[in-house]
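Please treat every number below as a calculation from the coordinates, not as lab data. All figures in this text were calculated on a predicted structure; none of them were measured in a lab. Note: ideal-geometry Cβ built from the backbone for every residue, glycine included; neighbour counts use all protein chains shown.
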Amino acid sequence: MSTMMSDQSTAQVLEDLRPKRSWRQARSNIMVMLMGLAALVIVVPLVFVIGSVISRGAGVVFRDFPSFFTKKIPIKSEDIGPGMGPAIVGTMLITGFATLVAVPLGILGAVYLHEYGGTTKLSKLIRFLATVMTGVPSIVMGLFIYVIFTLRFGLSGVGGALALACLMLPVVIRATEEMLRLVPGNLREASYALGTSKSRTILTVVLPSALPGIVSGCLLAVARAAGETAPLLFTIGAARAVQGNIFKGANTALPAQIFENAKSLFPGAQERGWGAALTLVGIAFLFTLTARIVSSAYQKRR
Amino acid sequence: MSQLQEHLMSAESTGNEPDISPAVEAVSSRPVFSLKNLEVHYGAFRAVGDVSLDIREKEITAFIGPSGCGKSTVLRCLNRMNDVIPSARVGGEVLYHGVNLYGEGISPTEVRRRIGMVFQKPNPFPKSIYDNVAFGPRVNGVKSKAKLDDIVEKALRGAALWDEVNTRLKASGLGLSGGQQQRLCIARAIAVEPEVILMDEPCSALDPIATARVEDLMLEMKSRYTIVIVTHNMQQAARVSDRTAFFTTEVNPESDRRTGRLVEFDATQKMFSMPSDERTEAYVTGRFG
Ligand SMILES: Nc1ncnc2c1ncn2[C@@H]1O[C@H](COP(=O)(O)OP(=O)(O)O)[C@@H](O)[C@H]1O
Ligand SMILES: [Mg+2]
């Protein structure tokens, strides 16, 4: 009798636990499908962009490899052939200088805001302004530097670097502050309990534990800035030769060359534009990849 | 101004050992701390009030009581850790060898060099075992590698951890087990040679075996340090401490917030066998808590 009972209830339980075909289930399936579709739609333009840059650029870059990266840009646009050397050097110089300005300033600012400013009016204001600055279109930033710098000192690499630095600064501040917030409070307490001063605690405990996150945030900001075009057009011009001295004279960079060559009617110039585009995408990809590696090394260490 | 006071006020460590030995060496155990009408507010909330007690040298003093009665709050007054919490305000006096730690011109940093702390949750730095222990001495300006090696070994031995980790001092402190991490934190605290070690529920995150090791360690350390331990485990207080303070909460008449109070403070043996207050008795016999 009792086994009968238990058999019956086992069967019943099994039945109860089976998935039910219901409207709810169907609705859930439909939603999952829609989300999958949305994800696909997001990827499509990305694939096309990368695809077209590679298909049009790879031929150019690798036909003249590696001289595409080293040779000067032809003086006459109608010439066919390499290269983009000056633009690559220019991008590195200008982005590098921008990084040199924006990263230390941004990190110091963020440390002040998070560790010392707290919730004072001043730091709230600065934080708000940094957020607003994130939303300023890059062309406006270029105009700004044009008005306060370029009009006075003429076209130069530094002008471009300053414009890029202004674009990077809020990103660096935000990323750093976010990472500082993630440092567990009990680590600070542990340090204070050993008789460590606040500044020393920040230097020896807080910053080292936040460093990988800060580095990867900064790398993303650099990658982003390296591709900016609009602010450069106002400030460095679009020369064909790089100026070793970024403080004087018109300069060149990859985005500026892409812009110039894409406008050109000559096939040779257009080719070089595509090659430059591929080079720029490659550089940005390298920075992004490095950022990922740094932050995943960080995850593992925790 | 006493010499001690001067020392606590100096921002820079002078390097020479302060002379805090008493003129008379008669009494076996003199008070290191005297709390006088200590009270702590968090904002407008009075978390604990009217606490007066003496903590004696080279003894283990335990704070027990139901959670929320202010044990941690009082403990954190002893090395000015409450300064880290912006809303905390401390009233009354915390006399350390007669010097009010909350008096004018006392540097919290200097206070904490002499009064170390171990927390409830083991909190080693994400650095190597060696660097964890060497952290405090380095902050105090010890640079020589040989000297640091020596301090690290001594501290790890002092925390009964040396035999388990001496082959992997360069490995991360986070790779140790919970109990080992807590002993690492104890080693880190004793590496700066404090006079007092405050422990806030140091075993609550540990299993019974690790707990037993830490308790043994405390008893061993008693010959060199004054220890104050917060615990919600009455057996632990009974096992390790010389004196026990029992705190409880009282409901404020005007608001329904609870304020912590010291109910009774006496030799541990007396507290657990024949307490004078019936609330203590109810608590230690498990009828309330
Ligand atoms: N940082 C804080 N801010 C505000 N209130 C606090 C803070 N820390 C503790 N309290 C309050 O103070 C009272 C005592 O807390 P605590 O000292 O942690 O008690 P115990 O350690 O005995 O459990 C509690 O009511 C608690 O909510
Ligand atoms: Mg507590």
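Computed from Cα positions, the angle between helix A:207-226 and the longest principal axis of chain A comes to roughly 50 degrees.
Seen against the Cα atoms of chain A and their longest principal axis, helix A:85-111 is set at about 50 degrees. Beta-bridge orientation, chain B: approximately 60 percent antiparallel, per DSSP, counting only bridges with both partners inside. Projecting the Cα atoms of A:S52, A:I42, A:Q8 onto the charge dipole of the stretch A:2-63, computed from C-beta unit charges around the Cα centre, puts A:S52 farthest toward the positive end. Distance from the alpha carbon centroid of the stretch A:144-168 to that of the stretch A:73-143 works out to 11 angstrom. Exposure proxy for A:S191, A:S264, B:S107: other Cβ atoms within 10 Å of each Cβ, ordered fewest to most, give A:S264, B:S107, A:S191. Sequence-distant contacts, meaning Cα pairs under 8 Å at least 6 residues apart, place the relative contact order of the stretch A:68-301 at 29 percent.
The H on the amide N of B:V263, modeled in the peptide plane, is under 5 Å from the matching H of B:F246, B:F247, B:T248, each at least 5 residues off or on a different chain. The residues packed around A:K198, meaning those with a beta-carbon under 15 Å from its beta-carbon, carry a net charge of +1 if Lys and Arg are +1 and Asp and Glu are -1. Normalised by the number of residues in the stretch B:170-289, the average gap of Cα pairs under 8 Å and 6 or more apart makes the relative contact order 17 percent.
Give me the dipole magnitude in Debye, nearest 20, for the protein assembly as shown about the Cα centre, with unit charges on the beta carbon: positive for Lys and Arg, negative for Asp and Glu.
Numbers: 63 positive and 50 negative charges, 483 e Å.
Taking the Cα centre of the protein assembly as shown as origin, the dipole is about 2320 debye.
The charge dipole of chain A, taken about its Cα centre with unit charges on the Cβ of Lys, Arg, Asp and Glu (plus for the first two, minus for the last two), comes to roughly 340 debye.
List the lysines whose Cα lies under 26 Å from the Cα of B:K147, skipping any in the same chain that are fewer than 8 positions away. Hits, sequence-local ones excluded: A:K198, B:K127, B:K170, B:K222. Between A:L203 and A:M133, the simple spin-label model (points 7 angstrom out along Cα→Cβ) gives 2.5 nm.
Principal-axis analysis of the Cα atoms of chain A puts helix A:267-301 at an angle of about 40° to the longest axis.
Which one of A:P137, A:P170, A:P86 has the biggest mean-square fluctuation once chain A is modelled by GNM with Cα springs under 10 Å? Evaluated over chain A, the most mobile residue of the options is A:P137. Among A:V47, A:V205, A:V111, the largest mean-square fluctuation in a Gaussian network model of chain A, built with springs joining Cα atoms closer than 10 Å, belongs to A:V47. Using a cutoff of 8 angstrom between alpha carbon atoms and counting only pairs six or more residues apart, the relative contact order for chain B works out to 24 percent.
Compared with the direct C-alpha span, the chain from A:A38 to A:T288 gains 87.6 nm at full extension, assuming 0.36 nm per residue. Here A:E78, A:E177, B:E164 are placed in order of increasing Cβ neighbour count within 10 Å, fewest first, which gives A:E78, B:E164, A:E177. Which listed residue (A:L155, A:A256, A:G85) has the Cα farthest towards the positive end of the charge dipole for the stretch A:68-301, taking +1 on Lys and Arg C-beta and -1 on Asp and Glu C-beta about the Cα centre? Highest projection toward the positive end goes to A:L155. Starting from the Cα of B:E153, step 7 Å toward the Cβ, then list every residue of the stretch B:194-226 with an amide N under 19 Å from that point. Within reach of a label on B:E153: no residues. The label point for B:K36 and the one for B:D207, both projected 7 Å from the Cα toward the Cβ, are 4.9 nm apart. Pick out which of A:M141, A:M31, A:M84 has the largest mean-square fluctuation in a Gaussian network model of chain A, springs linking Cα atoms closer than 10 Å. Result for chain A, Cα springs under 10 Å: A:M31 fluctuates most.
Can you give the charge dipole size of the stretch A:2-63 about its Cα centre, rounded to the nearest 20 debye, using +1 on the beta carbon of Lys and Arg and -1 on the beta carbon of Asp and Glu?
440 debye
Along the axis of the charge dipole computed for the protein assembly as shown (Cβ charges of +1 for Lys and Arg, -1 for Asp and Glu, origin at the Cα centre), the listed residues A:P74, B:G49, B:T211 are led at the positive end by A:P74.
Distance between the pseudo-spin-label points of B:D242 and B:R287 (7 Å out from Cα toward the beta carbon): 3.2 nm.
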